[in-house]
Amino acid sequence: MKTKNRGLWIALFTIPCMILFAIVYAAPIVTVLYTSLCNYTTFSAPVFTGIKNFVTIFQDTDFLVSIRNTLVWVVLQSTFHVSLGLLMALVLRRKPKGWKVVRTAYMIPNIVPTAATGVMFTLLLNPSFGVVKPFLDFLGVDYSMVPNLFGNSRYAFWTVTFTWILYSGFNTIIFLAEMGAIDKEIYEAATVDGARPWQVDRYITLPLMKNIFGTCVTLASVAMVSQFDIIYMTTKGGPGNSTLNLPIYLYKAATLENNYGKANAVGVVQIVLGLVLVLLIQRLFQERKELKEGK
Amino acid sequence: MKKTSKATVVTAGIFKYLFMIFFVLIAVGPIVWAFISSFKSYAEINSSALSWPSTFNLDNYKAAFQFAPIAKYFLNSVVIVGCSVLVTVALVAMCSYIISRFDFKLKILIVLLISASLMLPAQAISQPLFAIFQKLGIFDTKLGLIIVYSAMGIPMSFFVMTSYYKTISTALEESAYIDGATFLQTFLHIILPLAKPGLVTIALLEFINTWNEFYFALMLTSGDSARTVPIALNYYMGTFANNYSALFAAVVMTVLPTILVFIILQRQVMESLTAGAVKG
Amino acid sequence: MKRKFVKRVIASALVGIMAMSLPVYAEGDGEKVVLNVINYHVGTDYAADYYAYLFEEFQKTEEGKNVEFNFEEIPTTDAYNQKIKLLIASGDLPDIVFNGGNNITELAAKSGKVADLTPYFEEDPEWKALFDETSLEFNTVDGKIYGVPVSKEISYIYYNKELFEQAGIEAPEVAYESWDDFFAACDKLKEAGITPVGMDSADSGWLTNLWMSALIGTNGEAGNEWMNTMYPTDFNTPEVEAAAETIQKMFQNYTTPDAVGGKYDPMATHFFNGEVAMFPNGPWMIPDFSETEKAPEGFADKIGIMLMPCKGMEMVPTPGDMVGAKDEAKIKAAVDFLKFETSPENQIKALEMTGLQPVSNDLEIPSELTESDPLMAQVLDIQGKAEMTYGQNQAYWYQNTIDAFSTQLPELAYDNITPKEFCEKLTESAAKNQE
């Protein structure tokens, strides 16, 4: 785009953001990168040891499992979860009766404090007095023992996933904003041409959502790469290592083993994994044409 | 022109409503359950998830106030979250506009830095931050938390906003430039009004993300002057005595006003959406 | 009362801030000494009232009248421990460092950021005499005393007399002679449709830990020695493996279905509701029995106390409170507070208000206290009958091993790993501390 003093405006508009960024992130990024190469514990200053920490973690099966779990969650979240948000936005877009209530209600799980959410789910799914038993009775399922959803490693991963995967209100809001930006005339023209509602969505709305869908997938993925609170409140990565992911592994290395060097090595892996995901996803969704247009 | 049969329309309608009802139930269910549970006693809450409380007294609500300075923490939360929302929105509105419109040498670096920070684990950065904040004299101040939260909000808002700007056609700006408008005029009078729905959306997202932040609120404060609601909630969980009822009472009391904020903000989104129709 | 306290806290915090900005003024002689304190005994903590009392009373004493506290409150020991570790690393410890359950004494001592208290103990033999050797040794790192133990932790079994009656069995006077007798009783209870024992696995698996420690600690001399060892690294000993096998059976046969993955609170409620016959825990639980919010009316009367089978009892010195202050005057003031905290009167006060057992061995417990609280009297009495004492994991194991214990227990319970594998996991996790 052509404008006067291009360079000046670029600087003026990006520098405030970067300053704030530098205050908060500059020193930590350097610290994390450097100390990941150090022998560094709660009671000893960092001493450079090369890639020892990385060797240690990559030899640990728990660490490999935590990468696998993290990736599975990334995939689930960036496909099912985001699509659910999109589907809800498509439904609400037409403003069916009560849509405002639905839109607000669907956001509520995101504002309930995680501490409370964790307690709620552990109590609700308690095998002795929770909802599982009555629910199975209601369905007429025959069981010898009520499944212990958080306690048994066979179910724990999916139970933990369940605590967040259906709550896609966040994405719904983003999609709704984007859909609102679509020119109404296009829709009017399509309706006049006799397009059915699903055709309108399929051929008009969805293609226009490609960009923001990419953004939502990016956000969902990085959210999963750094997902911590709920797991910590419910299973702490257990039983065994069935719900262990990178942040929980990192947390344990830092606070239980007091090994900051190792923790920061995990942090570096986490950052690299996240960056790779971001770049991959952006490549996947980016329209080359637009790139040129932006110049 | 084919007509969709009436039966199809009706079934589609039924499915649509079943879909909405299901998600409203699973979304509202837990908080309603928390509300009911907030009247239960310790024994009731720990022995039956589905029972009705034996009495509807307000003791747990009183307890919620007794254990923690919840009203004060709530106000702190409002101030801190409110300011960080404003800061984030202002900075991101500018920065991501540039990123979405221009190509320049350092662009890729900025994008990479912002992406990387999304993944920075809180545990890893708390210690350097602690030291820096003490040096700057903003440890245990609202300002300190506002700075952290604003910065933490940047990456996510940045992605959403960059994508939103891309939906706005460059034709408008170009014609403005031809008419002799300056960069700043164009940005303020043409782009920002069009970007309002996007801005309100990132405000909402930033709000949600910071409202429940616990770790930094704990690590970067030491007194009541800058502590926020999530810390108050910890007052109800003690060794050998988790007062879940008071916890739920506190949750209900703090979530309700937030929902109100939410409804108001969303009305804003909707108004701006109709304004957005002029967009090319 | 509470309100007043909060006001006081705010007021003293303000004074603290003002004083900090005027360090010269603060250190002048005869002037106020300001101590920074992080207090986690707040909110629903069992000792919140007691510590509020302590701080207030201290300022009324000769040593404490010039001391002002600048409080930071951190609810929950979990949050407290996270923050303390950050402060150890950054060197900004509070002047008095309370020990938050997790054993951080060694960590703090090795970081060199807490004061060596040995000279203060030497200076005041009367004070030193209040503590027995084990308690002090427990708080000693490299020959120097860093922590002042404020209480002793013991635990044993509470049982529900009514349920025992229903099953037609009689509880032993002091303890079951053997674990076989104990499990025979469990079988009887089970036949009568009663769940014999309370167990858990979440957080640190506190209840299961008490059973497991007992199984190991009463298993001959080797087991007892192992269970009295600080930071064990080899869990694949015959005693530990045998204990793990028994724990597995207990999970599968003798406890509630929600024990696996369960937290302490629902398990305690099972006991309060008369759904579980035996529950291991310490004296701090006694006040809960007569609290109608938690237990039904008259529940306290149904409770009996016995030691673990083979007359075993868990007993550990507690990790003590430390001093993080740097300058002389502050260290002195902090030590004065710790002396006040451990004075015989306050040890008794703590017993009365929180159930914490006195760290000093031969304190005279006033008869009013034992008369008004028969269960407490029984606890004080039965302690002397223990023939074997041993520690428990929260005090003795590495923190990440406690965590491994908690996350692997469900796997053991559901037979996904064998007892031997379970022990191997613990050995592995302990080894991580040597890396």
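Tabulated data
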read-out: Residues within region B:5-40 that are surrounded by fewer than 19 Cβ atoms within 10 Å (Cβ to Cβ) and either within 14 Å of chain C (Cβ to nearest Cβ) or over 24 Å from A:GLY98 (Cα atoms) (or both), tallied; value: 2
read-out: Residue match in region A:93-110 (condition: of a type in the set (Val, Ile, Thr) and touching a Lys or Arg at 6+ places or on another chain (Cβ under 6 Å)); value: no
read-out: Selected residue [more than 10 Å from chain B (Cβ to nearest Cβ), under 30 Å from A:LEU124 (Cβ atoms) and either in contact with a Leu (Cβ under 7 Å, 6 or more places away or on another chain) or surrounded by 15 or more Cβ atoms within 10 Å (Cβ to Cβ) (or both)] from A:TYR155, A:TYR167; value: A:TYR155
read-out: Yes/no for A:GLY261 being surrounded by 16 or more Cβ atoms within 10 Å (Cβ to Cβ), in contact with a strand residue (DSSP E or B) (Cβ under 7 Å, 6 or more places away or on another chain) and either within 14 Å of chain C (Cβ to nearest Cβ) or not basic (Lys, Arg) (or both); value: yes
read-out: Criterion: under 18 Å from the mean Cα position of the chain (by Cα), in a helix (DSSP H, G or I), more than 13 Å from chain C (Cβ to nearest Cβ) and buried (at least 22 other Cβ atoms within 10 Å of the Cβ) - qualifying residue of A:ILE248, A:ILE271; value: A:ILE271
read-out: Near pairs, Cβ below 9 angstrom, 6+ apart or cross-chain, from region C:68-81 (free of Cβ contacts under 8 Å to residues at least 24 places away in the same chain and more than 9 Å from chain B (Cβ to nearest Cβ)) to any residue that is of a type outside the set (Phe, Trp, Tyr) and part of a loop (DSSP other than H, G, I, E, B); value: C:ASN81/C:GLY100; C:ASN81/C:GLY101; C:ASN81/C:ASN102; C:ASN81/C:ILE104
read-out: Qualifying positions in region A:122-153 - part of a helix (DSSP H, G or I) and not aliphatic (A, V, I, L, M); value: A:THR122, A:LYS133, A:PRO134, A:PHE135, A:ASP137, A:PHE138, A:SER153
read-out: Set B:ALA124, B:ALA131: member being over 25 Å from A:SER221 (Cβ atoms) and either in a helix (DSSP H, G or I) or more than 8 Å from chain A (Cβ to nearest Cβ) (or both); value: B:ALA131
read-out: Residue count for region B:78-121, restricted to those that are within 14 Å of A:LEU275 (Cα to Cα) and among the small types (Gly, Ala, Ser); value: 3
read-out: Residue count, region A:1-53 (criterion: of a type in the set (Gly, Ala, Ser) and more than 20 Å from C:LEU87 (Cα to Cα)); value: 6
read-out: Residue within region C:116-128 that is hydrophobic (A, V, I, L, M, F, W, C) and without any contact (Cβ under 8 Å) to a residue 40 or more places away in the chain present; value: yes
read-out: Filter result (farther than 14 Å from B:VAL87 by Cα and either in contact (Cβ under 8 Å) with a residue 60 or more places away in the chain or at the interface with chain B (Cβ under 7 Å from one of its Cβ atoms) (or both)) within region A:7-23; value: A:TRP9, A:ILE10, A:ILE23
read-out: Among the candidates C:ALA175, C:ALA184, residue that is modelled with pLDDT of 95 or more and either in a loop (DSSP other than H, G, I, E, B) or not assigned by TED's automatic domain parsing to the domain that holds C:GLY220 (or both); value: C:ALA175
read-out: Out of B:SER175, B:SER157, B:SER115, sole residue that is polar (S, T, N, Q) and crowded, with 23+ Cβ neighbours inside 10 Å; value: B:SER157
read-out: Subset of region A:26-58 that is modelled with pLDDT of 90 or more, hydroxyl-bearing (Ser, Thr, Tyr) and not in a helix (DSSP H, G or I) - its residue that is surrounded by the fewest Cβ atoms within 10 Å (Cβ to Cβ); value: A:THR49
read-out: Residue pairs meeting the criteria (Cβ under 6 Å; at least 6 apart or on separate chains; first free of Cβ contacts under 8 Å to residues at least 60 places away in the same chain, in region A:98-124; second of a type outside the set (A, V, I, L, M, F, W, C) and part of a loop (DSSP other than H, G, I, E, B)); value: A:PRO113/B:ASN212; A:LEU124/A:GLY130
read-out: Qualifying residue in region A:212-225 (condition: assigned to a helix (DSSP H, G or I), surrounded by fewer than 19 Cβ atoms within 10 Å (Cβ to Cβ) and hydrophobic (A, V, I, L, M, F, W, C)); value: no
read-out: Failed criterion for C:ALA325 (all others in (1) outside any loop (DSSP other than H, G, I, E, B); (2) more than 20 Å from the chain's Cα centre (by Cα) hold); value: (1)
read-out: Tally of residues being in contact (Cβ under 8 Å) with a residue 60 or more places away in the chain, surrounded by fewer than 24 Cβ atoms within 10 Å (Cβ to Cβ) and either closer than 26 Å to C:ILE305 by Cβ or touching a helix residue (DSSP H, G or I) at 6+ places or on another chain (Cβ under 6 Å) (or both) across region C:403-419; value: 2
read-out: Region C:94-122: number of residues that are among the aliphatic types (A, V, I, L, M), touching a Lys or Arg at 6+ places or on another chain (Cβ under 8 Å) and within 26 Å of B:PHE67 (Cβ to Cβ); value: 1
read-out: Helices (runs of 4 or more DSSP H) wholly inside region C:48-132 containing at least 1 residues that are small (Gly, Ala, Ser) and over 18 Å from the mean Cα position of the chain (by Cα); value: C:48-58, C:77-90, C:105-111
read-out: Residue within region C:252-273 that is without any contact (Cβ under 8 Å) to a residue 40 or more places away in the chain and out of contact with any helix residue (DSSP H, G or I) (no Cβ under 8 Å at 6 or more places or on another chain) present; value: yes
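The values are calculated or read from the model by the stated rules, or taken from the named source; none is laboratory data. Keep in mind that what you see is a predicted model, and the values were worked out from it rather than measured. Glycine also receives a Cβ, built like all others from the backbone with ideal geometry; neighbour counts cover every protein chain displayed.
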